[in-house]
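The values are calculated or read from the model by the stated rules, or taken from the named source; none is laboratory data. These numbers were taken from a predicted model, which means no experiment stands behind them. Here the Cβ is made from the backbone with ideal geometry for all residues, glycine too, and neighbour counts use every protein chain on show.
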Amino acid sequence: MKLYSTKNKEQFFSLQEAVLKGLPDDNGLFMPEEIPELPKEFIDNLENYSFQEIAFIICKHLFKGVIPENDLKSLVENAINFTAPVVSLDENIHVLELFHGPSLAFKDFGARFMAQLMSYFNRGNDRELVILVATSGDTGGAVAAGFYKTLGIKVVILYPSGKVSDLQEKQLTTLGHNIAALEVEGTFDDCQALVKKAFLDKELNRAVRLTSANSINIARLIPQSFYYFEAYKQIKNKSKPIVFTVPSGNFGNLTAGLFAKKMGLPIAHFVAATNINDVVPEYLESGIYTPRPSSPTISNAMDVGAPSNFARMLDLYCSSKNVMTDEIAGYRFTDEETRQGIKEVFDKYNYIIDPHGAVGYLANKAFLKENPTMQGIILETAHPSKFIGEVEDTLKTKVDIPERLAILKDKEKEATSIGIEFNPFKSWIMGNY
Ligand SMILES: *Cc1c(COP(=O)(O)O)cnc(C)c1O
């Protein structure tokens with residue numbers, strides 16, 4: 001497998017380079033040179049394969065021998081160790097629950113798989129990798145859980161003191177082992193500034209092998225294609241063409257779906273669902289792409305004004321808006337509509353959906369109204385208890401927090417308090433790693 005940068009298709013990188021670098025130096029994004037079509041025999045018989053077997057077969061075709069089969073098998077089994085069940089609301093509306101991992105959101109798939117790949121590519125290197133992550137709350141939890149106890153890798157998470165929720169803080173500060181938390185007396189921007197400075201500091205980089213767990217690392221995208229196959233497999237009646245509806249912010253999840261389609265999964269259409277941060281739906285209508293600052297909403301993991309994976313989407317469609325609109329429809333919804341969506345799903349189907357999933361539900365409904373011969377799978381990207389305040393206020397109903405998160409409440413927080421000056425932070429890293 002070789003990868004190129006979306007900004008330069010002449011130069012190629014190995015999977016190892018792409019995963020360990022995260023981003024090419026030219027500020028493009030890594031893309032696979034080839035996304036191979038999988039054997040028809042495999043796609044026609046998905047029912048005969050477990051989720052892990054599906055993931056393994058996809059990797060085998062995509063990586064083309066970069067990782068020996070035995071290693072690849074255990075890598076995949078370590079990464080994909082929770083389920084992605086489909087729940088049908090009625091015969092044409094299905095919900096793919098992607099929140100059965102440790103941090104209750106789909107980002108667990110990407111984080112775990114990236115951890116396994118980084119660890120694999122760092123094997124035999126006697127210097128451990130130290131991953132620096134600044135978080136405003138959410139991604140940190142997925143990264144911490146994803147890298148927990150991964151061989152040869154240490155993780156340092158910087159979070160702004162007092163600015164993350166109690167449960168989020170517990171997710172960052174109670175794991176221990178190879179995960180360390182730094183509680184920064186400052187803002188998220190201060191955390192990010194410290195991390196940025198660390199990567200530029202020559203002395204520090206000689207002493208410690210630093211890397212990032214960038215959200216646009218190709219290792220996070222690849223595993224997100226697995227569950228499109230897993231979802232398709234679970235639809236019993238495939239006589240109606242299948243549409244995937246993806247609540248989107250940075251469009252990583254949707255791009256992974258485009259990979260799945262290229263691999264031969266019979267996906268009839270994609271629906272890009274956004275909140276009022278709608279630069280992509282706008283592009284699909286007008287052909288004009290206008291990135292801009294984001295506006296806050298109740299589906300805040302999708303508050304993105306300049307989606308980073310849009311460059312990958314353009315690349316896949318050779319920058320043709322017409323080709324893109326042949327396969328992707330876009331819809332946007334306001335917070336008020338989103339709340340109505342949460343209520344409707346509960347009243348009609350007795351199912352509690354989170355605000356991101358609700359945006360997906362509404363987009364799916366709008367699309368099926370215009371395309372009544374199809375059926376839709378909505379990606380439910382987070383467990384409703386992650387947005388418990390909003391969901392409980394809207395439904396006047398109690399939302400249960402899953403056991404794996406609820407037990408964190410009683411665990412002891414362990415974090416090192418630091419200020420926003422760089423030198424003490426640098427000394428802390430050099431002293432500890
Ligand atoms: C990150 C996130 C999204 C957006 O996913 P992208 O791949 O960035 O489009 C949607 N919902 C939830 C809950 C998320 O955490």
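Below is a table of values for the structure above.
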| read-out | value |
| --- | --- |
| Which numbered condition LYS202 fails, given (1) within 16 Å of the ligand (Cβ to nearest atom); (2) without any contact (Cβ under 8 Å) to a residue 40 or more places away in the chain; (3) closer than 23 Å to ILE420 by Cβ | (1) |
| Criterion: out of contact with any helix residue (DSSP H, G or I) (no Cβ under 6 Å at 6 or more places or on another chain) and either more than 16 Å from the ligand (Cβ to nearest atom) or at pLDDT below 95 (or both) - qualifying residue of LEU129, LEU194, LEU175 | LEU129 |
| Residue among PHE244, PHE226, PHE199 that alone is buried (at least 18 other Cβ atoms within 10 Å of the Cβ) and either out of contact with any strand residue (DSSP E or B) (no Cβ under 7 Å at 6 or more places or on another chain) or part of a helix (DSSP H, G or I) (or both) | PHE226 |
| Check on SER299, among the polar types (S, T, N, Q), crowded, with 24+ Cβ neighbours inside 10 Å and within 11 Å of the ligand (Cβ to nearest atom) | yes |
| Residue list for the range 40-81, restricted to those being over 24 Å from SER119 (Cα atoms) and touching a residue at least 40 places away in the same chain (Cβ under 8 Å) | LYS40, ILE43, LEU46, GLU47, TYR49 |
| The range 149-196, residues that are surrounded by 18 or more Cβ atoms within 10 Å (Cβ to Cβ) and among the hydroxyl-bearing types (Ser, Thr, Tyr) | THR150, TYR159, THR173, THR174 |
| So ALA382, is it among the small types (Gly, Ala, Ser) and either away from the ligand (no atom under 15 Å from the Cβ) or touching a Pro at 6+ places or on another chain (Cβ under 6 Å) (or both) | no |
| Test: residue in the range 159-171 that is among the aliphatic types (A, V, I, L, M), touching a Phe, Trp or Tyr at 6+ places or on another chain (Cβ under 9 Å) and farther than 22 Å from ILE420 by Cα | no |
| Lone qualifier among MET313, MET324 - being buried (at least 19 other Cβ atoms within 10 Å of the Cβ), touching a residue at least 12 places away in the same chain (Cβ under 8 Å) and within 13 Å of the ligand (Cβ to nearest atom) | MET313 |
| Close pairs from the range 244-262: first near the ligand (Cβ under 10 Å from one of its atoms), partner of a type in the set (D, E, K, R) and modelled with pLDDT of 95 or more, Cβ under 6 Å, at least 6 apart | THR255/ARG312 |
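Every residue, every condition in (1) within 16 Å of the ligand (Cβ to nearest atom); (2) assigned to a loop (DSSP other than H, G, I, E, B); (3) among the β-branched types (Val, Ile, Thr), yes or no:
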| residue | (1), (2), (3) |
| --- | --- |
| PHE270 | yes, no, no |
| TYR283 | yes, no, no |
| THR290 | no, yes, yes |
| SER295 | yes, yes, no |
| PRO307 | yes, yes, no |
| GLU344 | no, no, no |
| GLY360 | yes, no, no |
| LYS369 | no, no, no |
| PHE387 | yes, no, no |
